[in-house]
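See below for the structure under consideration.
The values are calculated or read from the model by the stated rules, or taken from the named source; none is laboratory data. Keep in mind the model is a prediction, meaning the values are calculated, not measured. Neighbour counts are summed over all protein chains in view; Cβ atoms, including those assigned to glycine, are modelled from backbone coordinates with ideal geometry.
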Amino acid sequence: MIPVVLLFVFNFKIIFSLTTEKIYLSSIERSVDISLRELDKRLVKMLTEPPPSIDKNVQACAQMNVLLYRYIQDYFNYLNGIGDLLLNEDKNAYRLLEEIGVEGPEFLKLEMLRESWHSIGKMYGFHEGEIEEMTTTFGATKFMWQNMKKQLEAHLEKKKKT
């Protein structure tokens, strides 16, 4: 299987590169070179094992706040990009979904109740509006993945028959 890479620009246009296993997520103010699996691992770690000294160091808290927020947004944007490919009936969408796997991203398996987001948000120094936005983005990402998973399962079933 050839790894496929998405390049997200601020307006979320998608460009394919078939030569690398990395995903490049970029916007006007930053550029992150990180694999999707690594992004998933980092989200799990940040949501389940916050650094113990985060509440004592304002600068570290602010940096972690920005990273957590970006990582959640980046994952949402990535799945949204795949969703656009599915709508356009682009066969590369299924290749990308196969790379994620039917089991899906680990961070979406976490039981994140509204209270959990408030605890994490307070620990990382988020304001109430930011906590609500992260809660909503997490929920939207989970919903989007559940729909894509159904499409992936149907695709894999069809692929088995041929």
Checklist outcome for this item: Of all helices (runs of 4 or more DSSP H) fully inside the range 92-162, the set with 1 or more residues that are at pLDDT 90 or above is 92-100, 128-161
Next on the checklist: Can you pull out every residue in the range 79-114 that is over 15 Å from the mean Cα position of the chain (by Cα), without any contact (Cβ under 8 Å) to a residue 40 or more places away in the chain and surrounded by fewer than 16 Cβ atoms within 10 Å (Cβ to Cβ)?
Outcome noted: L87, N88, E89, D90, K91, E111, L113, R114
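Each row is one residue, and each column tells you yes or no for (1) over 16 Å from T48 (Cβ atoms); (2) polar (S, T, N, Q).
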| position | (1), (2) |
| --- | --- |
| L108 | no, no |
| S116 | no, yes |
| F126 | yes, no |
| I131 | yes, no |
| L152 | yes, no |
| K158 | yes, no |
| T162 | yes, yes |
Next on the checklist: Which pairs turn up if I take residues in the range 115-134 that are in contact (Cβ under 8 Å) with a residue 12 or more places away in the chain and look for partners that are among the acidic types (D, E) and assigned to a helix (DSSP H, G or I) with beta carbon separation below 7 Å, at least 6 apart in sequence or on another chain?
Outcome noted: G121/E130
Next on the checklist: So in the range 38-91, with the set limited to residues that are outside any helix (DSSP H, G or I) and among the basic types (K, R), which one is modelled with the highest pLDDT?
Outcome noted: K91
